[in-house]
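Enquirer: Here it is, the structure, as structure tokens.
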Amino acid sequence: MLEVAQVNFIGRKEELNTLEKEFRRDGSFVVIYGRRRIGKTTLIKEFIKDKQAFYFLATEEVESQSMKRLAGVVARVTGNSMLQRVTFTDWLDLFREIADYRPGEKKVLVIDEFPYLVKTNAAFPSILQNAWDEILKDSNVMLILCGSLLSMMQKHALSHDSPLYGRRSAQIRLKPLPFTDLYAVTGDILHKKGEEQEAFAAYDSCRQWEIL
Ligand SMILES: Nc1ncnc2c1ncn2[C@@H]1O[C@H](COP(=O)(O)OP(=O)(O)OP(=O)(O)O)[C@@H](O)[C@H]1O
Ligand SMILES: [Mg+2]
């Protein structure tokens with residue numbers, strides 16, 4: 001299991017329920033998107049904290065380096081340190097390693113900041129389509145694609161023109177945490193008469209200006 005330190009996770013019950021429901025079904029492929037700093041990664045880490053999960057955070061590094069890092073993640077989760085020494089040149093080989101690990105058990109593969117992989121290799125959505133159709137969808141793997149570049153997520157994961165179109169089983173557009181969730185945490189501190197309204201006004205203007 002992946003141990004992720006997560007301090008004071010707040011709310012997101014509906015989103016966690018959606019993810020748990022997806023986890024229980026076959027062939028789940030979830031796209032999560034939303035503005036920067038809205039809480040996408042935090043939500044995903046909360047969801048996977050008690051699961052067998054391969055969490056990969058993409059960056060703008062060259063593709064060979066990305067494969068090397070994913071191989072490191074796979075090596076760590078599977079306990080197969082040999083994989084760290086293999087030079088992978090094909091994403092499909094890496095996805096196959098994930099699918100073959102404990103085939104009878106459900107696993108989660110997270111690709112966070114997915115648009116970065118598309119930036120470094122425009123063919124990545126079609127590579128992933130192939131991996132999903134041929135390897136992952138029947139292999140007890142739940143796939144989560146996450147990203148904050150809305151236009152890229154629309155174009156490469158959600159739209160009709162994307163090779164991945166028609167594969168996802170759910171999508172979550174993450175919104176700011178509702179006031180009620182925040183209040184449940186701050187309520188104790190803000191219990192003095194009048195301060196609730198003040199807190200709400202501050203929160204409301206943050207939402208208006210999209211600070212939260
Ligand atoms: N549900 C939550 N409970 C507590 N803290 C949260 C929650 N969601 C987000 N945060 C906090 O807000 C900050 C931003 O969250 P996070 O990094 O998950 O956002 P993100 O959408 O992944 O951002 P980016 O697009 O930049 O990767 C973090 O410091 C995180 O700890
Ligand atoms: Mg993030």
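The values are calculated or read from the model by the stated rules, or taken from the named source; none is laboratory data. In this text the structure is predicted, and so the values were computed from the model without any measurement. FYI the Cβ positions are ideal-geometry reconstructions off the backbone, even for glycines, and counts take in every protein chain you see.
Enquirer: Hey, any hits in segment 73-85 for a residue that's more than 11 Å from ligand 1 (Cβ to nearest atom), free of Cβ contacts under 8 Å to residues at least 12 places away in the same chain and closer than 18 Å to TYR116 by Cα?
Expert: no
Enquirer: Every residue in segment 45-64 that is over 23 Å from GLY104 (Cα atoms) and either crowded, with 20+ Cβ neighbours inside 10 Å or away from ligand 2 (no atom under 15 Å from the Cβ) (or both), please.
Expert: ALA58, GLU61, VAL62, GLU63, SER64
Enquirer: Residue by residue through segment 38-65, note down the ones that are among the hydrophobic types (A, V, I, L, M, F, W, C) and either within 11 Å of ligand 1 (Cβ to nearest atom) or touching a helix residue (DSSP H, G or I) at 6+ places or on another chain (Cβ under 8 Å) (or both).
Expert: ILE38, LEU43, ILE44, PHE47, ALA53, PHE54, PHE56, LEU57, ALA58, VAL62
Enquirer: In the set MET67, MET142, which member is surrounded by 20 or more Cβ atoms within 10 Å (Cβ to Cβ) and in contact with a Phe, Trp or Tyr (Cβ under 7 Å, 6 or more places away or on another chain)?
Expert: MET142
Enquirer: Please give the number of the condition ARG36 fails out of (1) buried (at least 16 other Cβ atoms within 10 Å of the Cβ); (2) within 16 Å of ligand 2 (Cβ to nearest atom).
Expert: (1)
Enquirer: Has segment 25-37 got any residue that is away from ligand 1 (no atom under 11 Å from the Cβ), hydroxyl-bearing (Ser, Thr, Tyr) and within 18 Å of the chain's Cα centre (by Cα)?
Expert: Yes, there is a match, as at least one residue in segment 25-37 is away from ligand 1 (no atom under 11 Å from the Cβ), hydroxyl-bearing (Ser, Thr, Tyr) and within 18 Å of the chain's Cα centre (by Cα).
Enquirer: Are any of the residues in segment 72-91 aliphatic (A, V, I, L, M), surrounded by 15 or more Cβ atoms within 10 Å (Cβ to Cβ), under 21 Å from SER148 (Cα atoms) and touching a helix residue (DSSP H, G or I) at 6+ places or on another chain (Cβ under 6 Å)?
Expert: Within segment 72-91, not a single residue is aliphatic (A, V, I, L, M), surrounded by 15 or more Cβ atoms within 10 Å (Cβ to Cβ), under 21 Å from SER148 (Cα atoms) and touching a helix residue (DSSP H, G or I) at 6+ places or on another chain (Cβ under 6 Å).
Enquirer: Taking LYS175 as the residue in question, decide whether it is within 25 Å of LEU43 (Cα to Cα), within 16 Å of ligand 1 (Cβ to nearest atom) and in a loop (DSSP other than H, G, I, E, B).
Expert: For LYS175, the condition - within 25 Å of LEU43 (Cα to Cα), within 16 Å of ligand 1 (Cβ to nearest atom) and in a loop (DSSP other than H, G, I, E, B) - is met.
Enquirer: Within segment 148-167, track down each residue that is touching a Leu at 6+ places or on another chain (Cβ under 8 Å) and part of a loop (DSSP other than H, G, I, E, B).
Expert: PRO163, LEU164, TYR165
Enquirer: For segment 29-46, name all the residues that are under 15 Å from PHE114 (Cβ atoms) and hydroxyl-bearing (Ser, Thr, Tyr).
Expert: Of everything in segment 29-46, those that are under 15 Å from PHE114 (Cβ atoms) and hydroxyl-bearing (Ser, Thr, Tyr) turn out to be TYR33, THR41.
Enquirer: Out of ILE98, ILE127, report the one residue that is over 17 Å from PHE23 (Cα atoms), hydrophobic (A, V, I, L, M, F, W, C), modelled with pLDDT of 90 or more and more than 16 Å from ligand 2 (Cβ to nearest atom).
Expert: Only one candidate qualifies: ILE127.
Enquirer: Between residues in segment 24-49 that are touching a residue at least 60 places away in the same chain (Cβ under 8 Å) and under 20 Å from GLN154 (Cβ atoms) and residues that are near ligand 2 (Cβ under 9 Å from one of its atoms) and in a loop (DSSP other than H, G, I, E, B), which pairs lie under 8 Å by C-beta distance while being six or more apart or on different chains?
Expert: Close Cβ pairs (under 8 Å, with a partner that is near ligand 2 (Cβ under 9 Å from one of its atoms) and in a loop (DSSP other than H, G, I, E, B)) amount to TYR33/SER148; GLY34/SER148; ARG35/SER148; ARG36/SER148; ILE38/SER148; LYS40/SER148.
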